Amino acid sequence: MLVMALCVLPALVIATRPVANPLVLEGQVYCDTCRAGFETSATTPIAGAKVRVECKDRKTQELLYTIDSTTDSTGKYKIVVREDHGDQLCDCNLVSSPQSDCATVDPGRDQARVILTRNNGMASNHRFANAMGFMRDQPMSGCHQLLQQYQQEYED
């Protein structure tokens, strides 16, 4: 019994210990000013948008970890993650926009799956989430012409 305890105890200590070299998750939040459903040259960053990272157990979907952040003046956020979440499903989600005319969540662009583990072959401590966006209530002027330019690029 003592030998078993001596073998298991160090493994438990290592598993629950915070990562000495934390991971840094970076991402950005934008306003889809043309309601295009994707980023365009008219897309603007949103300063002060709130985002949340949630990690859940793969089998039970029990919430195990959550952390919030706010975007800076360039619409970007950085979140320091001190624990390894290798066996969990982690998603970055939009919470709120400070812009009242651009507070509708863009369907399909409201969350990003993130990998928050070192056990995946990535050497860097930086992790990047896909950009997430809100849509403006009404498209701004000039969007019709802008979207026509994108259509012409797809047809060529």
Which residue, of SER141, SER73, SER96, SER100, is at pLDDT 95 or above, closer than 21 Å to ARG35 by Cβ and exposed (fewer than 12 other Cβ atoms within 10 Å of the Cβ)? SER100
So, in segment 48-63, how many residues would count as being surrounded by fewer than 16 Cβ atoms within 10 Å (Cβ to Cβ) and either in contact with a Gly (Cβ under 7 Å, 6 or more places away or on another chain) or under 21 Å from ASP110 (Cβ atoms) (or both)? 3
For segment 49-58 the number of residues that are in contact (Cβ under 8 Å) with a residue 60 or more places away in the chain and part of a strand (DSSP E or B) is 3
Kindly provide the set of residues from segment 59-72 that are touching a strand residue (DSSP E or B) at 6+ places or on another chain (Cβ under 7 Å), over 13 Å from TYR30 (Cα atoms) and not in a strand (DSSP E or B), ordered by number. GLU62
Answer from ARG109, ARG113, ARG118 - the residue that is of a type in the set (D, E, K, R), in contact (Cβ under 8 Å) with a residue 40 or more places away in the chain and either surrounded by fewer than 17 Cβ atoms within 10 Å (Cβ to Cβ) or assigned to a helix (DSSP H, G or I) (or both): ARG118
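Looking at segment 124-131, can you tell me whether even one residue there is loosely packed, with under 10 Cβ neighbours inside 10 Å and modelled with pLDDT under 95? Walk me through how you get there before you give the answer.
Taking segment 124-131 and keeping what is loosely packed, with under 10 Cβ neighbours inside 10 Å, we get 124.
From what's left, modelled with pLDDT under 95: 124.
Among the residues of segment 124-131, at least one is loosely packed, with under 10 Cβ neighbours inside 10 Å and modelled with pLDDT under 95, which makes the answer yes.
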Filtered residue count, segment 73-94, keeping only those that are within 13 Å of the chain's Cα centre (by Cα) and either closer than 17 Å to GLU26 by Cβ or part of a loop (DSSP other than H, G, I, E, B) (or both): 12
Right, ALA103: touching a residue at least 12 places away in the same chain (Cβ under 8 Å) and under 12 Å from the mean Cα position of the chain (by Cα) or not? no
Is it the case, given these coordinates, that SER41 is surrounded by fewer than 16 Cβ atoms within 10 Å (Cβ to Cβ), more than 17 Å from the chain's Cα centre (by Cα), part of a loop (DSSP other than H, G, I, E, B) and touching a residue at least 40 places away in the same chain (Cβ under 8 Å)? yes
Residues that are among the β-branched types (Val, Ile, Thr) and touching a Phe, Trp or Tyr at 6+ places or on another chain (Cβ under 6 Å): does segment 53-71 have at least one? yes
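The values are calculated or read from the model by the stated rules, or taken from the named source; none is laboratory data. In this text, all values refer to a predicted model and were calculated from it rather than measured experimentally. All Cβ positions, even for glycine, are placed from backbone atoms using ideal geometry, and neighbour counts span all protein chains on display.
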